[in-house]
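Reading through the structure tokens given below for one structure.
The values are calculated or read from the model by the stated rules, or taken from the named source; none is laboratory data. On a predicted model such as this, the values are computed, not experimentally measured, just so you know. Cβ sites come from the backbone with ideal geometry, for glycine too, and all protein chains shown count toward neighbours.
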Amino acid sequence: MRAIWMTMVLVVLMLSTSAVQAGAEPTYAKWGRLAMKETTKKYHADIIDYKHVGRKVEEGGLMSETFRLQLRKGSKEFEVTVRIWFEQQSERVVRIHFTEDDKADGLPAAMYQI
């Protein structure tokens, strides 16, 4: 009887831990929100798709997060790659770089940096 009770307690603990982990925000979420905010401000377009490309450790204690956003402005659809560099310890943003790709041919149309 005690073994059954202990098994039930363990199952409940495992399920509750899984539920907490499933609801946790990914480490890149903060940077994704910033990428979307700055992209909307710069392009005045609707974001119709979003993808986190990855995180990179850079030189000098910097990290970078890269995102790919698909935008629509009127009848034009295009993609923008946003790369955000920040200090690893303080999380202070050092640089944000935009690269615009034409959806039709996939080639870079323009590069912007702030």
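When Tyr50 is tested against (1) among the hydroxyl-bearing types (Ser, Thr, Tyr); (2) buried (at least 16 other Cβ atoms within 10 Å of the Cβ); (3) touching a Phe, Trp or Tyr at 6+ places or on another chain (Cβ under 8 Å), just one condition goes unmet, and that condition is (2). Against the definition (in contact (Cβ under 8 Å) with a residue 24 or more places away in the chain and assigned to a strand (DSSP E or B)), how does Met63 come out, yes or no? Yes, satisfied. Please verify whether Glu100 is within 20 Å of Gly32 (Cβ to Cβ), at pLDDT below 95 and surrounded by 11 or more Cβ atoms within 10 Å (Cβ to Cβ), treating the condition exactly as stated. It is true that Glu100 is within 20 Å of Gly32 (Cβ to Cβ), at pLDDT below 95 and surrounded by 11 or more Cβ atoms within 10 Å (Cβ to Cβ).
Screening Gly60 on (1) in contact with a helix residue (DSSP H, G or I) (Cβ under 9 Å, 6 or more places away or on another chain); (2) modelled with pLDDT under 95 shows it passes everything except condition (1).
Evaluation of Lys30 against the conditions (1) at pLDDT 90 or above; (2) over 18 Å from Arg95 (Cα atoms); (3) in a helix (DSSP H, G or I) shows that the sole unmet condition is (2).
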